[in-house]
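A.B. asks: Have a look at the structure that comes next, please.
The values are calculated or read from the model by the stated rules, or taken from the named source; none is laboratory data. For clarity, every value in this text was computed on a predicted model and none was experimentally measured. In this analysis, Cβ positions are derived from the backbone assuming ideal geometry, glycine residues included, and neighbour counts consider all displayed protein chains.
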Amino acid sequence: MNRLSTKTAQLVGMGILTALVIVLQTFASGFKIGTFSPPLSLIPIIMGAVLFGELAGAILGIVFGVVVLFAVISGAEPFSTLMLQYNPAFTVVICIFKGLLAGYVSGIVYKLLKGVNNVFATIAASAAAPVVNTGIFSVGMLTVFYPLLAQTASTAGAENVILFYFTIFIGVGFIFNLAFIAILVPGLLRIIKIVRK
């Protein structure tokens, strides 16, 4: 494959993955497996980061962040709407930055580990995205939005704000989401690589 056709394939691939991020975040965010809602929109971000590099992952992460921001502004997520009212500027920053960094770090992890073992690198890159996404959100919640979180915990009758955050906001769902992504993405990437050959 010459350089021009490689660039064309990357552009087409990025276009498809961008559309998937938008569709999955907009229409499939209510999809549930039991009581858990898997982060389906992270899948195309990770795939882009692994297939096309960390910059592609970052771009797809920004798209994800913008779609999340529109959901926040529209009032689709009640707590996020409170965040927007409490500190609009930082809500915008956290929505965009957590997506951007999740995609970028996923690509970097894959690049650093692919020489060791491709399957391990793909699993690690897949796990990195939800960890970074949730990690950035958590940093924001436990710093800038701490008073809002403390108020919510108090209303719920919780005495320990941090314990409340990690059990109610993060909880078992994060472990489920991490496992879901780490298992699903490597399988999808393997199928894509077989089809490309």
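A.B. asks: Of the conditions (1) closer than 16 Å to Leu60 by Cβ; (2) touching a Leu at 6+ places or on another chain (Cβ under 6 Å); (3) β-branched (Val, Ile, Thr), Thr91 fails just one. Which one is it?
C.D. replies: (1)
A.B. asks: Quick one: how many residues across region 150-178 are on the phi > 0 side of the Ramachandran plot and at pLDDT 80 or above?
C.D. replies: The total comes to 1.
A.B. asks: What pairs come up if the first residue lies in region 56-78 and is aliphatic (A, V, I, L, M), the second is outside any helix (DSSP H, G or I), and their beta carbons are under 6 Å apart, counting only those six or more places apart or on different chains?
C.D. replies: Listed pairs, sorted by first residue: Ala71/Glu77.
A.B. asks: Something else about it: Among all residue pairs at least 6 apart or on different chains, which show Cβ distances below 7 Å where the first residue, located in region 5-16, is part of a helix (DSSP H, G or I) and the second is surrounded by 10 or more Cβ atoms within 10 Å (Cβ to Cβ)?
C.D. replies: That search, which allows pairs on different chains as well, returns Gln10/Phe52; Gly13/Leu51; Gly13/Phe52; Met14/Gly48; Met14/Phe52; Met14/Ala56.
A.B. asks: I've got another one for you. For region 136-150, what are the residues that are surrounded by fewer than 16 Cβ atoms within 10 Å (Cβ to Cβ) and either touching a residue at least 12 places away in the same chain (Cβ under 8 Å) or over 15 Å from Leu100 (Cβ atoms) (or both)?
C.D. replies: Correct list: Leu142, Thr143, Tyr146, Pro147, Ala150.
A.B. asks: What is the number of the single condition among (1) of a type outside the set (Lys, Arg); (2) part of a helix (DSSP H, G or I); (3) within 30 Å of Phe52 (Cβ to Cβ) that Gly115 does not meet?
C.D. replies: (2)
A.B. asks: From the list Ala102, Ala153, Ala121, Ala125, which one is of a type outside the set (Asp, Glu), within 11 Å of the chain's Cα centre (by Cα), crowded, with 18+ Cβ neighbours inside 10 Å and in a helix (DSSP H, G or I)?
C.D. replies: When all the criteria are applied, what remains is Ala102.
A.B. asks: Limited to region 17-28, what total is found for residues that are within 16 Å of Ala76 (Cβ to Cβ) and either in contact (Cβ under 8 Å) with a residue 40 or more places away in the chain or touching a Pro at 6+ places or on another chain (Cβ under 8 Å) (or both)?
C.D. replies: 4
A.B. asks: Moving to a separate point now. Being charged (D, E, K, R), touching a helix residue (DSSP H, G or I) at 6+ places or on another chain (Cβ under 9 Å) and more than 18 Å from Leu40 (Cα to Cα), is that true of even one residue in region 147-160?
C.D. replies: Just the residues of region 147-160 that are charged (D, E, K, R), to begin with: 159.
Still in the running and touching a helix residue (DSSP H, G or I) at 6+ places or on another chain (Cβ under 9 Å): 159.
Narrowing further to those that are more than 18 Å from Leu40 (Cα to Cα): 159.
Yes; the residues of region 147-160 include at least one that is charged (D, E, K, R), touching a helix residue (DSSP H, G or I) at 6+ places or on another chain (Cβ under 9 Å) and more than 18 Å from Leu40 (Cα to Cα).
A.B. asks: Tell me, which residue of region 171-183 that is out of contact with any strand residue (DSSP E or B) (no Cβ under 6 Å at 6 or more places or on another chain) and surrounded by 16 or more Cβ atoms within 10 Å (Cβ to Cβ) is nearest to Ile123 (Cα to Cα)?
C.D. replies: Step by step, filter region 171-183, then rank; the result is Ala182.
A.B. asks: Would you say Thr167 is in contact (Cβ under 8 Å) with a residue 24 or more places away in the chain, over 21 Å from Leu100 (Cα atoms) and over 15 Å from the mean Cα position of the chain (by Cα)?
C.D. replies: Spelling it out, it is not the case that Thr167 is in contact (Cβ under 8 Å) with a residue 24 or more places away in the chain, over 21 Å from Leu100 (Cα atoms) and over 15 Å from the mean Cα position of the chain (by Cα).
A.B. asks: Right, next: Of everything in region 21-40, what is modelled with pLDDT of 85 or more and touching a Gly at 6+ places or on another chain (Cβ under 9 Å)? Give them in sequence order.
C.D. replies: Val21
A.B. asks: Also, I was wondering about something else. Can you tell me which residue in region 63-79 is modelled with the highest pLDDT, limited to those that are surrounded by fewer than 18 Cβ atoms within 10 Å (Cβ to Cβ) and part of a helix (DSSP H, G or I)?
C.D. replies: Going through the qualifying residues, I end up with Val66.
A.B. asks: Which is in a helix (DSSP H, G or I), at pLDDT 80 or above, under 22 Å from Gln25 (Cα atoms) and not hydroxyl-bearing (Ser, Thr, Tyr), of Ile181, Ile108?
C.D. replies: Within the list Ile181, Ile108, the selection yields Ile181.
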